[in-house]
Amino acid sequence: MKKYFSLFFASMALFFLFACHPASSPVLREMKATAPQKTHYTKSLLDLNTILEVYLPPSYHTTFYYVKPIRDSTGLAGTGEIPFNITTMVRDAVSQVYYKIRYVEQYDLSDLTHQQVLAQMQATNKLEDLTYSIRPPADFTISGAISQYDRNLSSRSQDFDVMASFGGGTGRTDIAGSSSSSQRRSRLGVSFNITNLDGISVPGKYGAVSELYFAKNSKDLGFSILGNGIGYAAQATAMHGRHLALQMLCELSVVQIIGRTLNIPYWRVGGVGNIFDEDRLVIRAWRNEYKNILSQGLIIPYTQALLIANGIPVAITGKMNKETHDAINEFKERHKIFAPFPDFKIHKALEANRLLNIQVAHFAWDAYHMFKEPGSHLH
């Protein structure tokens, strides 16, 4: 009987231990970057290709980007927690944007020597009909660094241990149980500088800062990145969380860099996820473009093209006919705009709400081009 009482008390002790302090994985708080994050970042580069194809006319030239070596400037790479160099991450992000965007490498010493040898051989007629390509110059150069890594900004932990012994002799029963949980918060940031073909910096702050939440209990740990819980089986793999966070920051920064340098609404990536806020520098560029369109007397045909791009079919005539007047009023009512045409508020809303439909966009661009240059065709 004593043995049964011992087993009963042992089981009850374990029950109260783990019922009161379950060893389940802690719930990770959502990570916040420079803007509210409500969507997966991994679609951002794919979405950017669609936005580029919608907002850039088919005749738009290819833009070339060069990425200088981007290294750690915090001095903490030596600990092995973050990499010394993230250049490959940034170059890979640029390479994933394929519409009208290309990564171009710069010449190094071996390239220059090779070009000089080829030119000399051609000059001395040792090679006939020799041709060699010249790399295009980079329209924009990206430089930067891992600028911030703050470890353990805050932490908390709880530990519970219970040991008990019941009975004696051959009926002795020993039990032990423990439960532990902890959570740490760190901050990781990257910063970039963009220069144009003349070496002049492009205005604006580029980069992002994210917070990493590391949580574990006896067996589980994970990192919360943009709301994605990424679980690992052992603490030794924790470094992968920081590398993934850096990849996220690089990709989102490339979206911002390309969007701002080409003046397109990159904040539309991720659908309704609101990864980015509306960029005032892009809006300022739109305002300047609007003034140019007004001065050239093209505001009516361009507005007609924008109406088509917004899914409101009209003919591009360059005249304010009843069809166009009604279409503008329909759009203004849809977006609650109270301004007489022409007005930048109408223009901005038309630009910001283009349908992300490539076929519709190409039709609108083609119709506008045909109006400006009758008899020509973009495709």
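Scanning segment 317-337 turns up one or more residues that are loosely packed, with under 15 Cβ neighbours inside 10 Å, more than 27 Å from Gly259 (Cα to Cα), among the basic types (Lys, Arg) and not assigned by TED's automatic domain parsing to the domain that holds Leu252.
Determine, yes or no, whether Ala309 is surrounded by fewer than 17 Cβ atoms within 10 Å (Cβ to Cβ) and of a type in the set (A, V, I, L, M, F, W, C). Spelling it out, it is not the case that Ala309 is surrounded by fewer than 17 Cβ atoms within 10 Å (Cβ to Cβ) and of a type in the set (A, V, I, L, M, F, W, C).
Residues that are closer than 23 Å to Ile146 by Cα, surrounded by fewer than 21 Cβ atoms within 10 Å (Cβ to Cβ) and modelled with pLDDT of 65 or more do not occur anywhere in segment 280-287. Taken across segment 349-361, residues that are aliphatic (A, V, I, L, M), outside any helix (DSSP H, G or I), in contact (Cβ under 8 Å) with a residue 12 or more places away in the chain and farther than 29 Å from Asp47 by Cα do not occur at all.
Taking (1) crowded, with 16+ Cβ neighbours inside 10 Å; (2) modelled with pLDDT under 90 in turn, Leu48 satisfies each apart from (2).
How many residues, within segment 57-87, are surrounded by 19 or more Cβ atoms within 10 Å (Cβ to Cβ), touching a Lys or Arg at 6+ places or on another chain (Cβ under 8 Å) and assigned to a loop (DSSP other than H, G, I, E, B)? Going through segment 57-87 one residue at a time, the tally reaches 2.
In segment 229-275, of all residues being aliphatic (A, V, I, L, M) and under 10 Å from the mean Cα position of the chain (by Cα), the one that is modelled with the lowest pLDDT corresponds to Ile275. Scanning segment 276-334 for residues that are polar (S, T, N, Q), more than 28 Å from the chain's Cα centre (by Cα) and more than 15 Å from Ala352 (Cβ to Cβ) yields Asn292, Ser295, Gln296, Gln304, Thr317, Asn321, Thr324, Asn329.
The values are calculated or read from the model by the stated rules, or taken from the named source; none is laboratory data. Please read these numbers as outputs of a predicted model, since none were measured by experiment. Using ideal geometry, Cβ is built from the backbone for each residue, glycine included, and neighbour counts are taken over all protein chains shown.
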